[in-house]
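First comes the structure, then the notes that go with it.
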Amino acid sequence: RVKWNSSCDGMLLECLKKEKANGRMTSNSSWHADAWTAAEKALSGTELHSGGVAKSANSCSYRWTLLKKEYIQVKFLRDKSGFGWDHTKQLVTADDEVWDALLMAHEHLAKWKTTPFPYYDTMYDIVNGTV
């Protein structure tokens, strides 16, 4: 099984940023097959420190899908009235009353009250205008 850590996530995103610059991203924030091949190559050997098995093009694509989903959730929160962003902690901020009201309708977003998302700026650079 593939294992990811923050270092691997950062390497994947930096690789995809380069692939976007090389024209390998589609208009709907998907990627050409060559981008996944490049990601697999860039992450070759990372299993030695992250554990698990070697990362394949498919596992990189799956991880991107997860990170993009998380980015969309964090962006939704950051764009909501009453929410802010702590650049130091890389964390969505709001008063408890604002969180409580939001979580009544969007319980699945509760993790973002305490979970940082350190990839926001990099993800923004990659997907801005496509999601």
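See the values below:
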quantity: Pick from the range 85-111, criterion under 30 Å from A21 (Cα atoms) and over 13 Å from the mean Cα position of the chain (by Cα), ranking: surrounded by the fewest Cβ atoms within 10 Å (Cβ to Cβ); calculated: T88
quantity: Options K17, K80, K69: the member that is of a type in the set (K, R) and farther than 16 Å from I126 by Cβ; calculated: K80
quantity: Flag if D79 is more than 18 Å from K3 (Cα to Cα), among the acidic types (D, E) and surrounded by 12 or more Cβ atoms within 10 Å (Cβ to Cβ); calculated: no
quantity: Verdict on S7 being more than 17 Å from M123 (Cβ to Cβ) and either of a type outside the set (K, R) or free of Cβ contacts under 8 Å to residues at least 12 places away in the same chain (or both); calculated: no
quantity: T122 being at pLDDT 95 or above, polar (S, T, N, Q), part of a loop (DSSP other than H, G, I, E, B) and out of contact with any Ser or Thr (no Cβ under 6 Å at 6 or more places or on another chain); calculated: no
quantity: Every residue from the range 18-40 that is hydrophobic (A, V, I, L, M, F, W, C) and either touching a residue at least 40 places away in the same chain (Cβ under 8 Å) or in contact with a Pro (Cβ under 6 Å, 6 or more places away or on another chain) (or both); calculated: M25
quantity: Tally, over the range 2-41, of residues that are of a type in the set (G, A, S), in contact with a helix residue (DSSP H, G or I) (Cβ under 9 Å, 6 or more places away or on another chain) and within 16 Å of Y119 (Cβ to Cβ); calculated: 4
quantity: Some residue of the range 79-92 being part of a helix (DSSP H, G or I) and on the phi < 0 side of the Ramachandran plot; calculated: yes
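The values are calculated or read from the model by the stated rules, or taken from the named source; none is laboratory data. Everything quoted here is computed from the prediction, not taken from an experiment. Backbone-built Cβ (ideal geometry, glycine too); neighbour counts: all protein chains shown.
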